[in-house]
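Q: Okay, here's the structure, questions in a sec.
Just so you know, all these numbers are worked out from the coordinates, no wet-lab data involved. The model shown is predicted, which means the values in this text are computed figures rather than measured ones. Here Cβ is always computed from backbone atoms with ideal geometry, including for glycine, and neighbour counts include all displayed protein chains.
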Amino acid sequence: MHYIDVAPSRPLGRLLTYSCDELLDIGTRVEIPIGNSKCYGFVVSNDVVVQDGVNPKKIISVCNGGPCFSKEYLEFYKWVSEYYHYPLGETLSLITPSFIPKKDKKDETKSTFISSKEPLVDLTKEQLDAIRSLREHDKNLLHGITGSGKTEVYIEIAKDTISNGKGVLLIVPEIALTPQLIQRISSHFGGKISVLHSGLSPKKRYQNWKDLLEGKSLLCVGARSAIFAPIKNLGLVIVDEEQDSSYKQEDRLRYNARDLSFVLSKMFNSKMILSSATPSIETLFSTKQGKLNYVYIKNRVRGLCLPSTVMVDMKKAKLRTFNISEELVKHISEAMANKHQVILYINRRGFAHSVLCKTCGKSIKCSKCSITMTEHKKRSALLCHYCGEERGLPNYCPFCGSHDIYSIGTGTERISSEVKELFPDARVAIMDSDQVDSSKKLSDMLNKISNKEFDIIIGTQILGKGHDFPDVNLVGIINTDTMLQVPDFRSAERTFHQITQVSGRAGRMCQGKVVVQSYLPEHFAIQKAIKNDLDGFYEQEIEDRKEAFYPPFSILADIKTSSTSKKTAMAEAKQVCSILLDIIKKERMDVIVLGPASSPIEVVNNKFRFHALIKGKSRGTLNKLITIFNKVYKRKRDVRLSIDVDPANLI
């Protein structure tokens, strides 16, 4: 008889001990009895000694397929569970493939040797210098302007790693993980590449996971969750577009894949490369502190310059439509006359962000959330972008019965309508999450753009995710101001990133141009972005962060309470703050608690939301505070409590 510790896939903060007839490997999935029910769990210790008189329950069964992870990776997963304060069993259940083979089959697949090929393009001197520097250092930031050939640089380092028999992990934002990218990377290597992302079938994800675990594949390309891939003999971790907010998981296990790359590379003693045209403030700060080797590529390949920029002050500009200035129309006409493609960027999908009654002044809000519903004309519907509620477009005001209602605000559909009025012969496409809601649709859209089937492409931030559009000569940024209105300390940084990234789509094959429309043209984030002045933006933003005690000068944790009762949610938030303050006083911690306060969007899906923001100087102190809090706090059935360490946004 053998005894094992199992991490059950239940919200328990402890391991459970069971007996089994055979010695099971760590990482094996088992079915176990728990109370009057049963669930799955993972073996995390197989040499447990039980005290005399203790008779642990016996496991129900051993799942087929063998271990899902190694002992070495279990240590990484434990760190993740402890740092983000999420139960180990649920952590393991979320990060491992859900597919369970029906029966064990003899796997005759042989290990695949991935061979490196010669560079497919001639590398510039700057690229070669960057490769040399990356080879000499273990922890790196690869910063290059848009179109500077960063991908070719880190691929050369990946070739070095694989030729030495070690594994490589490349993670990219999910929205950029297209078949075109996989093909581009595959063209540099011979052999097997394992891809991991949410669009895979459970069976395919399981097979790719097992290939990595067993060393049959040495190269993993994936989205956020690929940070957990059990790559054998890991030698290199690459995070492309490291500043991207999509690396943060916003529910359940609230991890940040970019941040975890530091932990992973340290645990496995592997090289790490963060790559970006617009590095995050925290990453730039790390380079200033000497924690990362800074590698900069300041020129585009093919000797092209960055696009020139025209700023349009919308307070003074002559408008041709509600959203498009005379200046932008002139540049679109020039681009189309020269057979170039045009990108128009607006970071809001749908037609209008609300419908308003002129008689009573009320707008139509979601019945489950404290936010207006967005008009989607193509679907003839109003949609809530938070809970998904949908209604038909109204003919009259539901409050006063007036027929004098109108749409306010702008989205991709409205811009498309205005563009078609101005350029009736233009072939216009919309590229947002409504139109390209799968990897196949995104791939098809990118192919059509490459084949010049569209003249004008209107889209959201999906357009700025590293895609290469050779024939795009003009980028028009319709409204740069919306992000600046968001009550979040990263609003200016995100505005700077979006303008820079989208602008970088122009002029990949010839000199490009960018037209930026704004009602706040004097804002420093906009001014620095149009000048491509990252250093200037950093200097001002870092001072603002320091003064307000925000990252990188502080460590944050956001504790949220939500309930169907506003009174209950508020009372529980106050109780949370009271417990935190008692612990801080008792332990003499240098920590600040702000709140409780209602969330900027107070109600989502019929749940009232409140939060308390914790600020500290030390990760260890903050972790200790939350660990003690979890032991003291008694969770209630009618209140949901969530802990978000290093929150990406405070909405």
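Q: When the convex hull of the C-alpha atoms of the range 312-424 is computed, what volume per residue in Å³ does it have?
A: Values: hull volume 14.9 nm³, N = 113.
For the range 312-424, the hull spanned by Cα atoms encloses 132 Å³ per residue.
Q: Hey, another quick one. Which whole number of Å³ per residue matches the convex hull of the alpha-carbon atoms in the range 471-520? Each step should come with its number before you reach the end.
A: Working: hull volume 3.0 nm³, N = 50.
Per-residue hull volume (Cα only) is 61 Å³.
Q: Given Cα pairs under 8 Å that are at least 6 residues apart, what percent is the relative contact order of the chain?
A: On the way: 1315 pairs, mean separation 72.5, N = 651.
11 percent.
Q: Something else now. Can you tell me the relative contact order of the range 217-365? Whole percent, Cα pairs under 8 Å, sequence separation 6 or more. Walk me through the numbers before you get to the answer.
A: Values: 103 pairs, mean separation 21.1, N = 149.
Averaging sequence separation for qualifying contacts and normalising by length gives 14 percent for the range 217-365.
Q: Also, I was wondering about something else. For the pair Val263 and Ile34, how long in nm is the line joining their label points, each one 7 Å along Cα→Cβ?
A: About 2.1 nm, to one decimal.
Q: Mind checking the angle between helix 566-587 and the chain's longest principal axis? C-alpha axes, 0 to 90 degrees, to the nearest 10.
A: Helix 566-587 and the main axis of the chain meet at about 60 degrees.
Q: Taking R0 as 45 Å, what FRET efficiency do you get between Cys360 and Lys440 from their Cβ-Cβ distance, rounded to the nearest 0.05?
A: On the way: r = 45 Å, r/R0 = 1.00.
Computed FRET efficiency for Cys360 and Lys440 comes out at 0.50.
Q: Relative to the longest principal axis of the C-alpha atoms of the chain, give the angle of the C-alpha long axis of helix 534-548, reported between 0 and 90° and rounded to the nearest 10°.
A: Tilt of helix 534-548: around 60 degrees.
Q: Three principal axis extents, largest first, for the C-alpha atoms of the range 495-548, in Å?
A: Extents along the principal axes: 42, 23, 14 Å.
Q: Could you tell me what fraction of 2.2 N^0.38 Å the Cα radius of gyration of the chain comes to, as a two-decimal ratio?
A: Details: Rg = 26.5 Å, N = 651, 2.2 N^0.38 = 25.8 Å.
With N residues counted in the chain, Rg over 2.2 N^0.38 Å equals 1.03.
Q: For the chain, just give the cysteines left without a disulfide-compatible partner, judged by no other Cys Cβ under 4.7 Å.
A: Cys20, Cys39, Cys63, Cys68, Cys220, Cys305, Cys387, Cys510, Cys577
Q: Just for the Cα atoms in the range 442-576, what are the lengths along the principal axes, largest first, rounded to whole Å?
A: 60, 37, 27
Q: Sticking with this structure for a sec: Hey, with R₀ at 25 Å, roughly what FRET efficiency would Asp25 and Asn233 work out to, going by the Cβ-Cβ distance, to 0.05? Don't skip to the end; give the middle numbers.
A: Numbers: r = 18 Å, r/R0 = 0.73.
With a Förster radius of 25 Å, E is 0.85.
Q: For the range 193-269, state what percent of all Cα-Cα pairs lands in each successive 5 Å bin, counting from 0 Å until the bin that includes the largest distance.
A: Bins of 5 Å from zero give 3, 15, 26, 24, 21, 9, 1 percent of pairs.
Q: Something else: Using a simple spin-label model with points 7 Å from Cα along the Cα→Cβ vector, what separation in nm is obtained for Leu319 and Arg637?
A: Inter-label distance under the simple model: 5.4 nm.
Q: Turning to a different aspect of this structure: With +1 on each Lys and Arg Cβ and -1 on each Asp and Glu Cβ, and nothing else charged, work out how big the dipole of the chain is about its Cα centre, in Debye to the nearest 20.
A: Details: 93 positive and 74 negative charges, 257 e Å.
The calculation lands at about 1240 debye.
Q: Between the range 278-349 and the range 503-572, what is the separation of their alpha carbon centroids in Å?
A: Result: 16 Å between the Cα centres.
Q: Oh, and also: With angles folded into 0 to 90 degrees, how steeply does helix 71-83 sit against the dominant principal axis of the chain? Use alpha carbons for both and round to 10.
A: 60 degrees
Q: Sum up the charges of everything whose Cβ sits under 11 Å from the Cβ of Ala426, counting Lys and Arg as +1 and Asp and Glu as -1, but leave Ala426 out.
A: Details: positive: Lys420, Arg427; negative: Glu421, Asp425, Asp455.
Value of the local net charge: -1.
Q: Here is a further query. Between Ala597 and Phe399, with labels modelled 7 Å along Cα→Cβ, what's the label distance in nm to one decimal, could you check?
A: 2.6 nm
Q: What length, rounded to one decimal in nm, is gained on full extension from Val49 through to Asp488, with 0.36 nm per residue of separation minus their alpha-carbon distance? Mind dumping the intermediate values first?
A: On the way: separation 439, 0.36 × 439 = 158.04 nm, distance 5.07 nm.
Result: 153.0 nm gained on full extension.
Q: Let me ask another. Got the relative contact order for the range 546-651 handy, in percent, Cα pairs under 8 Å and 6 or more residues apart?
A: Numbers: 176 pairs, mean separation 44.7, N = 106.
Relative contact order of the range 546-651: 42 percent.
Q: Here is a further query. For the range 169-183 and the range 377-401, what is the centre-to-centre distance using only Cα atoms, to the nearest Å?
A: 35 Å
Q: Expressed in nm to one decimal, what extension gain is obtained for the pair Ser133 and Glu82 from 0.36 nm per residue of sequence separation less their Cα-Cα distance?
A: 14.9 nm
Q: Beyond 17 Å, how much of the Cα-Cα pair distribution for the range 522-575 remains, as a whole percent? List each step's numbers first, then the result.
A: Details: 858 of 1431 pairs.
When every Cα pair of the range 522-575 is considered, 60 percent fall beyond 17 Å.
Q: Considering only Cys39, Val54, Tyr77, whose Cα is most displaced toward the positive end of the charge dipole of the range 22-79, charges sitting on Cβ of Lys, Arg (+1) and Asp, Glu (-1)?
A: The listed residue farthest towards the positive side: Cys39.
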